[in-house]
Amino acid sequence: FRTQLLKYYRGKPWWFWPLALFIATFLIGIVAVLGGVGGGVLFVPIVSGFFPFNLDFVRTAGLLVALSGALAAGPGLLMRNLASLRLAIPIALIASTASIAGAMIGLALPRNVVQLLLGVTILFIVALMFFSKKSEFPEVKKPDKLGLMLGIWGIYREESTGEVYKWHVHRTPLGLLLFIVIGVMAGMFGLGAGWANIPVLNLLMGAPIKISVATSKFLLSITDTSAAWVYINSGGIIPLIVIPSLVGIMLGSFIGVRMLAVARPAMVRWIVIGMLLFAGIRAVLKGLGI
(Lines give C-alpha, C1' and ligand atoms only; values in the text may rest on other atoms or scores of the structure.)
Protein backbone atom coordinates (compact mmCIF):
# COMPACT_ATOMS: atom_id res chain seq x y z
CA PHE A 1 0.00 0.00 0.00
CA ARG A 2 2.86 2.42 0.81
CA THR A 3 4.36 1.78 -2.63
CA GLN A 4 1.01 2.53 -4.22
CA LEU A 5 0.65 5.75 -2.22
CA LEU A 6 4.15 6.88 -3.16
CA LYS A 7 3.32 6.32 -6.81
CA TYR A 8 0.27 8.57 -6.63
CA TYR A 9 1.78 11.15 -4.28
CA ARG A 10 4.96 11.63 -6.31
CA GLY A 11 5.14 15.24 -7.47
CA LYS A 12 2.25 16.34 -5.23
CA PRO A 13 2.36 17.96 -1.77
CA TRP A 14 1.32 15.77 1.19
CA TRP A 15 -1.95 17.68 1.65
CA PHE A 16 -3.22 17.19 -1.93
CA TRP A 17 -5.22 13.96 -1.45
CA PRO A 18 -6.65 14.83 2.01
CA LEU A 19 -7.85 18.17 0.57
CA ALA A 20 -9.34 16.43 -2.48
CA LEU A 21 -11.01 13.91 -0.16
CA PHE A 22 -12.46 16.71 1.98
CA ILE A 23 -13.93 18.45 -1.08
CA ALA A 24 -15.36 15.18 -2.43
CA THR A 25 -16.92 14.16 0.90
CA PHE A 26 -18.30 17.67 1.40
CA LEU A 27 -20.19 17.31 -1.90
CA ILE A 28 -21.20 13.74 -1.01
CA GLY A 29 -22.61 15.03 2.29
CA ILE A 30 -24.81 17.54 0.49
CA VAL A 31 -26.07 15.07 -2.11
CA ALA A 32 -26.63 12.32 0.49
CA VAL A 33 -29.02 14.49 2.51
CA LEU A 34 -30.86 15.72 -0.59
CA GLY A 35 -31.12 12.19 -2.01
CA GLY A 36 -32.22 10.61 1.26
CA VAL A 37 -29.32 8.11 1.35
CA GLY A 38 -26.58 7.47 3.87
CA GLY A 39 -23.15 8.97 3.27
CA GLY A 40 -21.47 5.54 3.31
CA VAL A 41 -23.36 4.25 0.28
CA LEU A 42 -21.90 7.08 -1.82
CA PHE A 43 -18.56 7.36 -0.02
CA VAL A 44 -17.21 3.83 -0.53
CA PRO A 45 -17.82 3.38 -4.30
CA ILE A 46 -16.73 6.92 -5.19
CA VAL A 47 -13.60 7.07 -3.01
CA SER A 48 -12.52 3.50 -3.81
CA GLY A 49 -13.03 4.12 -7.53
CA PHE A 50 -11.37 7.52 -7.90
CA PHE A 51 -8.82 7.83 -5.07
CA PRO A 52 -5.53 5.92 -4.66
CA PHE A 53 -6.49 4.34 -1.32
CA ASN A 54 -6.56 0.68 -0.35
CA LEU A 55 -10.12 -0.67 -0.25
CA ASP A 56 -9.79 -1.85 3.37
CA PHE A 57 -9.01 1.69 4.54
CA VAL A 58 -11.86 3.11 2.47
CA ARG A 59 -14.33 0.58 3.93
CA THR A 60 -13.22 1.47 7.47
CA ALA A 61 -13.71 5.18 6.77
CA GLY A 62 -17.08 4.43 5.14
CA LEU A 63 -18.33 2.65 8.25
CA LEU A 64 -17.14 5.52 10.46
CA VAL A 65 -18.83 8.04 8.15
CA ALA A 66 -22.16 6.21 8.44
CA LEU A 67 -21.63 5.66 12.17
CA SER A 68 -20.93 9.32 12.94
CA GLY A 69 -24.12 10.43 11.21
CA ALA A 70 -26.17 7.80 13.03
CA LEU A 71 -24.74 8.70 16.44
CA ALA A 72 -25.47 12.38 15.82
CA ALA A 73 -29.07 11.74 14.76
CA GLY A 74 -29.98 8.85 17.11
CA PRO A 75 -30.79 10.72 20.36
CA GLY A 76 -33.04 13.24 18.64
CA LEU A 77 -34.92 10.50 16.77
CA LEU A 78 -35.51 8.59 20.00
CA MET A 79 -36.67 11.73 21.85
CA ARG A 80 -39.20 12.45 19.10
CA ASN A 81 -40.54 8.88 19.34
CA LEU A 82 -39.71 8.20 15.70
CA ALA A 83 -36.99 5.58 16.14
CA SER A 84 -38.59 2.51 17.71
CA LEU A 85 -36.49 0.54 20.22
CA ARG A 86 -38.98 -2.35 20.06
CA LEU A 87 -38.40 -2.60 16.32
CA ALA A 88 -34.66 -1.88 16.43
CA ILE A 89 -33.41 -4.20 19.18
CA PRO A 90 -34.17 -7.63 17.64
CA ILE A 91 -32.98 -6.41 14.24
CA ALA A 92 -29.82 -4.91 15.75
CA LEU A 93 -28.90 -8.19 17.46
CA ILE A 94 -29.15 -10.05 14.17
CA ALA A 95 -27.67 -7.42 11.85
CA SER A 96 -24.73 -6.51 14.13
CA THR A 97 -23.69 -10.17 14.46
CA ALA A 98 -23.99 -10.60 10.70
CA SER A 99 -21.99 -7.40 10.08
CA ILE A 100 -19.06 -8.79 12.11
CA ALA A 101 -19.12 -11.90 9.94
CA GLY A 102 -19.35 -9.73 6.83
CA ALA A 103 -16.34 -7.63 7.87
CA MET A 104 -14.26 -10.77 8.47
CA ILE A 105 -15.32 -12.16 5.07
CA GLY A 106 -14.45 -8.86 3.39
CA LEU A 107 -10.94 -8.85 4.89
CA ALA A 108 -10.36 -12.49 3.91
CA LEU A 109 -11.42 -12.22 0.26
CA PRO A 110 -9.01 -11.06 -2.48
CA ARG A 111 -9.26 -7.33 -3.25
CA ASN A 112 -10.39 -7.80 -6.85
CA VAL A 113 -13.21 -10.12 -5.72
CA VAL A 114 -14.37 -7.61 -3.09
CA GLN A 115 -14.18 -4.81 -5.67
CA LEU A 116 -16.26 -6.85 -8.13
CA LEU A 117 -18.86 -7.76 -5.49
CA LEU A 118 -18.97 -4.12 -4.39
CA GLY A 119 -19.73 -3.03 -7.94
CA VAL A 120 -22.50 -5.62 -8.30
CA THR A 121 -23.98 -4.52 -4.95
CA ILE A 122 -23.91 -0.85 -5.97
CA LEU A 123 -25.69 -1.67 -9.24
CA PHE A 124 -28.29 -3.61 -7.22
CA ILE A 125 -28.78 -0.51 -5.02
CA VAL A 126 -29.30 1.56 -8.17
CA ALA A 127 -32.01 -0.85 -9.33
CA LEU A 128 -33.59 -0.79 -5.86
CA MET A 129 -33.67 3.02 -5.81
CA PHE A 130 -35.02 3.13 -9.37
CA PHE A 131 -37.94 0.71 -8.87
CA SER A 132 -38.87 1.04 -5.17
CA LYS A 133 -41.75 3.22 -4.04
CA LYS A 134 -42.17 4.63 -0.56
CA SER A 135 -45.42 4.10 1.30
CA GLU A 136 -46.13 6.59 4.07
CA PHE A 137 -48.56 4.33 5.94
CA PRO A 138 -48.51 0.72 4.68
CA GLU A 139 -51.63 -1.29 5.36
CA VAL A 140 -51.03 -4.07 7.90
CA LYS A 141 -54.29 -6.00 8.07
CA LYS A 142 -53.09 -8.40 10.74
CA PRO A 143 -49.79 -8.32 12.68
CA ASP A 144 -47.96 -11.65 12.74
CA LYS A 145 -47.41 -13.73 15.89
CA LEU A 146 -43.66 -13.12 16.12
CA GLY A 147 -44.13 -9.36 15.86
CA LEU A 148 -46.73 -9.43 18.62
CA MET A 149 -44.56 -11.67 20.79
CA LEU A 150 -41.62 -9.27 20.44
CA GLY A 151 -43.91 -6.31 21.14
CA ILE A 152 -43.12 -4.61 17.84
CA TRP A 153 -45.76 -1.91 17.63
CA GLY A 154 -46.00 1.72 18.54
CA ILE A 155 -47.88 4.99 18.53
CA TYR A 156 -46.59 8.22 17.12
CA ARG A 157 -47.93 11.67 16.28
CA GLU A 158 -47.57 12.89 12.70
CA GLU A 159 -46.48 16.52 13.07
CA SER A 160 -47.60 17.55 9.57
CA THR A 161 -51.23 16.57 10.18
CA GLY A 162 -51.49 16.44 13.98
CA GLU A 163 -52.94 12.92 13.79
CA VAL A 164 -51.91 10.05 16.07
CA TYR A 165 -51.20 6.68 14.43
CA LYS A 166 -50.89 3.20 15.89
CA TRP A 167 -48.73 0.87 13.82
CA HIS A 168 -47.90 -2.84 13.74
CA VAL A 169 -45.66 -4.99 11.55
CA HIS A 170 -46.15 -8.22 9.63
CA ARG A 171 -43.90 -10.73 7.81
CA THR A 172 -41.46 -10.36 10.73
CA PRO A 173 -39.66 -13.75 10.25
CA LEU A 174 -38.83 -12.96 6.61
CA GLY A 175 -37.71 -9.46 7.58
CA LEU A 176 -35.34 -10.78 10.26
CA LEU A 177 -33.86 -13.28 7.78
CA LEU A 178 -33.21 -10.49 5.28
CA PHE A 179 -31.41 -8.48 7.95
CA ILE A 180 -28.85 -11.29 8.18
CA VAL A 181 -28.02 -10.68 4.51
CA ILE A 182 -28.10 -6.89 4.98
CA GLY A 183 -25.74 -7.12 7.95
CA VAL A 184 -23.23 -9.26 6.05
CA MET A 185 -23.25 -6.87 3.10
CA ALA A 186 -22.90 -3.80 5.34
CA GLY A 187 -19.87 -5.27 7.08
CA MET A 188 -18.27 -6.63 3.92
CA PHE A 189 -18.41 -3.38 1.94
CA GLY A 190 -18.52 -0.70 4.66
CA LEU A 191 -21.60 0.85 3.09
CA GLY A 192 -23.83 1.22 6.10
CA ALA A 193 -27.21 -0.31 5.42
CA GLY A 194 -29.81 2.45 5.27
CA TRP A 195 -30.36 1.78 1.54
CA ALA A 196 -31.63 -1.75 2.42
CA ASN A 197 -33.04 -1.20 5.92
CA ILE A 198 -35.75 1.22 4.86
CA PRO A 199 -37.35 -0.88 2.06
CA VAL A 200 -37.45 -3.97 4.33
CA LEU A 201 -38.92 -2.08 7.30
CA ASN A 202 -41.38 -0.06 5.22
CA LEU A 203 -42.37 -2.13 2.18
CA LEU A 204 -41.97 -5.65 3.59
CA MET A 205 -42.71 -5.37 7.32
CA GLY A 206 -45.21 -2.51 7.04
CA ALA A 207 -43.74 0.11 9.39
CA PRO A 208 -44.65 3.73 8.48
CA ILE A 209 -42.02 5.47 6.38
CA LYS A 210 -40.94 7.93 9.08
CA ILE A 211 -40.61 5.14 11.64
CA SER A 212 -38.62 3.11 9.07
CA VAL A 213 -36.24 5.97 8.23
CA ALA A 214 -35.65 6.94 11.86
CA THR A 215 -35.22 3.34 13.07
CA SER A 216 -32.86 2.59 10.19
CA LYS A 217 -30.71 5.59 11.14
CA PHE A 218 -30.62 4.44 14.77
CA LEU A 219 -29.74 0.88 13.69
CA LEU A 220 -26.60 2.10 11.93
CA SER A 221 -25.16 3.22 15.27
CA ILE A 222 -25.23 -0.44 16.41
CA THR A 223 -24.54 -2.50 13.29
CA ASP A 224 -21.78 -0.23 11.95
CA THR A 225 -20.04 -0.16 15.32
CA SER A 226 -19.82 -3.96 15.33
CA ALA A 227 -18.32 -4.13 11.84
CA ALA A 228 -16.04 -1.13 12.37
CA TRP A 229 -14.24 -2.80 15.29
CA VAL A 230 -13.11 -5.63 13.00
CA TYR A 231 -11.47 -3.16 10.61
CA ILE A 232 -10.08 -1.03 13.46
CA ASN A 233 -8.54 -4.12 15.08
CA SER A 234 -6.89 -4.92 11.75
CA GLY A 235 -5.30 -1.45 11.57
CA GLY A 236 -7.80 -0.05 9.08
CA ILE A 237 -7.85 3.55 10.39
CA ILE A 238 -5.67 6.02 8.48
CA PRO A 239 -6.14 9.55 9.96
CA LEU A 240 -5.40 11.26 6.63
CA ILE A 241 -8.43 9.41 5.19
CA VAL A 242 -10.82 9.33 8.15
CA ILE A 243 -10.47 12.91 9.46
CA PRO A 244 -11.13 14.84 6.21
CA SER A 245 -13.91 12.36 5.39
CA LEU A 246 -15.77 12.90 8.67
CA VAL A 247 -15.33 16.68 8.63
CA GLY A 248 -16.36 16.91 4.96
CA ILE A 249 -19.43 14.70 5.38
CA MET A 250 -20.63 16.56 8.49
CA LEU A 251 -20.18 20.04 6.98
CA GLY A 252 -21.79 18.92 3.73
CA SER A 253 -24.73 17.46 5.64
CA PHE A 254 -25.35 20.78 7.39
CA ILE A 255 -25.51 22.52 4.00
CA GLY A 256 -27.66 19.73 2.57
CA VAL A 257 -30.24 20.08 5.34
CA ARG A 258 -30.64 23.78 4.50
CA MET A 259 -30.89 23.08 0.78
CA LEU A 260 -33.44 20.30 1.27
CA ALA A 261 -36.33 22.76 1.60
CA VAL A 262 -35.80 24.26 -1.87
CA ALA A 263 -34.36 21.31 -3.84
CA ARG A 264 -36.48 19.26 -6.20
CA PRO A 265 -36.49 15.69 -4.82
CA ALA A 266 -36.93 14.06 -8.23
CA MET A 267 -33.90 15.83 -9.69
CA VAL A 268 -31.70 14.96 -6.69
CA ARG A 269 -32.85 11.32 -6.83
CA TRP A 270 -31.69 11.05 -10.43
CA ILE A 271 -28.35 12.66 -9.55
CA VAL A 272 -27.78 10.06 -6.82
CA ILE A 273 -28.79 7.21 -9.15
CA GLY A 274 -26.46 8.52 -11.85
CA MET A 275 -23.51 8.84 -9.45
CA LEU A 276 -24.03 5.34 -8.07
CA LEU A 277 -24.46 3.85 -11.54
CA PHE A 278 -21.18 5.38 -12.71
CA ALA A 279 -19.34 4.32 -9.52
CA GLY A 280 -20.82 0.81 -9.68
CA ILE A 281 -19.73 0.26 -13.29
CA ARG A 282 -16.25 1.55 -12.45
CA ALA A 283 -16.00 -0.82 -9.45
CA VAL A 284 -17.01 -3.81 -11.62
CA LEU A 285 -14.44 -2.89 -14.28
CA LYS A 286 -11.78 -2.39 -11.60
CA GLY A 287 -12.61 -5.78 -10.09
CA LEU A 288 -12.25 -7.39 -13.53
CA GLY A 289 -8.91 -5.66 -14.04
CA ILE A 290 -10.16 -3.54 -16.95
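Once the Cβ-Cβ distance of residue 254 and residue 23 is raised to the sixth power relative to R0 = 25 Å, the FRET efficiency obtained is 0.95.
Ordered by solvent-accessible area of protein heavy atoms (1.4 Å probe), largest first, the residues 158, 163, 139 come out as 139, 163, 158.
Accessible area per residue was computed with a 1.4 Å probe on protein heavy atoms; residue 188 scores about 20 Å². All distinct Cα pairs of the stretch 14-288 go into the 1/r average, and the inverse of that average, the Kirkwood radius, is 18.7 Å. Karplus-based coupling profile of the stretch 70-85, in residue order and whole Hz: 5, 5, 5, 8, x, x, x, 5, 5, 5, 8, 6, 9, 6, 9, 5, with θ = phi - 60° in 6.51 cos²θ - 1.76 cosθ + 1.60 and x standing for Gly or Pro. If only the Cβ of Lys and Arg carry +1 and only the Cβ of Asp and Glu carry -1, the dipole of the stretch 64-195 around its Cα centre is close to 220 debye. Picking from 172, 32, 255, whose Cα lies most toward the positive end of the charge dipole for the stretch 14-288 (charges on Cβ: Lys, Arg +1; Asp, Glu -1)? Value: 172. May I ask you to list the residues of the stretch 88-102 whose amide nitrogen lies under 14 Å from a point 7 Å from Cα along the Cα→beta-carbon direction of residue 233? Only 97-102 pass the distance filter.
The values are calculated or read from the model by the stated rules, or taken from the named source; none is laboratory data. Computed from a predicted structure; not experimentally measured. Every residue, glycine among them, receives a Cβ derived from its backbone with ideal geometry; neighbour counts consider all protein chains shown. The area values use the complete protein model at the heavy-atom level, side chains included, leaving out ligands, DNA and RNA. Shrake-Rupley method; radii C 1.70, N 1.55, O 1.52, S 1.80 Å.
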